[in-house]
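The next block holds one structure in the form of structure tokens; read it before the comments.
The values are calculated or read from the model by the stated rules, or taken from the named source; none is laboratory data. The structure displayed is predicted, hence computed values, not measured ones. Note that we place each Cβ from the backbone using ideal geometry, even for glycine, and neighbour counts take in every protein chain shown.
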Amino acid sequence: MASLYDPIRLGAVEAPNRILMSPLTRGRATEGHVPTPIMGDYYAQRAGAGLIISEATGISREGLGWAYAPGLWTDEQVEGWKPVVERVHQAGGRIFAQLWHMGRLVHPDFLGGAAPLSSSATTAPGSVRTYLSNGEKKPYGEARAATLDDIKRVLDDYEHATRGALAAGFDGVQLHAANGYLIDEFLRDNSNFRDDDYGGSPENRGRLLREAMDRIVEVAGADRAAVRFSPNGDTQGVIDSNPEAVFLPIADYLESKKIAFVELREPGPDGTFGSTTQPAISPAFRQRWTGPLILNQDYDKASAEAAVAEGRADGIAFGRPFISNPDLVERLRTGAPLAKDDMATWYSRGPEGYTDYPALAREDA
């Protein structure tokens, strides 16, 4: 029987435990989306995770609509990531870069007023802060449907960002195909109304995902490639009427590629960040995908330990608990209490609420 604290091989990575640090957007890069030295402090503090998955990182200017989030499309950004990744490795950690195209969730303010890109001409619900919004949130604009030339360019951007991640020293990359962003917008039948090879049937709606993963695997190798999905429920206005019809064929495809791991974010009816009555598809997915399966969403120590011990998951990705508990693995292992995070400082610019959460006091300190 496996334990949450047992080592596990995730492709090319030998992880010392099965607790992953989930991607957490924190907004500490520059306005030009270049990583900053404080990010090295932050990630190094959390190097006890079996594997860190970086905050979502833009693959292009077109694909990044979050103020002060990092990118991986310029040489300056790659150079900025190098010391951050090196700090993690010096602390004994391992880190994948999560590759992000936000699709219709890029506000036109980030694009000089141009419409964002999506599978179809739709508008995301909600609002967002931009560099031009004076601290207030602005509603999203209507997206334009991607042309075939746009899709080719986006695939080139995924490949380019993968090369940048490897040049920066990352141990691998995770394709962000969840949470209502570009690839998720193509996957779902409430946001994809295309009638070409990228729309209509579940197979066609999964084409962009498969082509992006093919590009990543070609550059990084299957053992340094991973993917994240949010297959059940509504996330930022994106949902599918029949998730199993979409994601189980994807499981078959990923099984053929033998990538490092698959992560599924699966909210339940009482989720902290989104809830749904759509059942989790991880049990059926696990029948098709035999590689490491990582689950995420509202796990605590007891539920995470049970999921791994019972074989429902090979590891658990924790998000919010890592914000305020840099030594989360040790706290879970020993049953120590968890510190609470301050939501007001999630996206602030300095060390407060970022690198100033203390680790457990040690008797030998």
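See the values below:
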| read-out | value |
| --- | --- |
| Residue 210 being crowded, with 20+ Cβ neighbours inside 10 Å, closer than 27 Å to residue 291 by Cα and free of Cβ contacts under 8 Å to residues at least 60 places away in the same chain | no |
| Matching entry among 307, 317 (being surrounded by 15 or more Cβ atoms within 10 Å (Cβ to Cβ) and under 20 Å from the mean Cα position of the chain (by Cα)) | 317 |
| Test: residue in the range 38-59 that is within 24 Å of residue 178 (Cα to Cα), surrounded by fewer than 20 Cβ atoms within 10 Å (Cβ to Cβ) and either touching a residue at least 24 places away in the same chain (Cβ under 8 Å) or not β-branched (Val, Ile, Thr) (or both) | no |
| Single condition residue 342 does not satisfy, out of (1) among the charged types (D, E, K, R); (2) closer than 27 Å to residue 207 by Cα; (3) at pLDDT below 95 | (2) |
| Odd one out for residue 249, checked against (1) crowded, with 18+ Cβ neighbours inside 10 Å; (2) farther than 19 Å from residue 162 by Cβ; (3) more than 17 Å from the chain's Cα centre (by Cα) | (1) |
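Yes or no, residue by residue, for (1) surrounded by fewer than 17 Cβ atoms within 10 Å (Cβ to Cβ); (2) over 30 Å from residue 88 (Cβ atoms); (3) modelled with pLDDT under 95:
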position: 181; (1), (2), (3): no, no, no
position: 195; (1), (2), (3): yes, yes, no
position: 202; (1), (2), (3): no, yes, no
position: 205; (1), (2), (3): no, yes, no
position: 226; (1), (2), (3): no, no, no
position: 233; (1), (2), (3): no, yes, yes
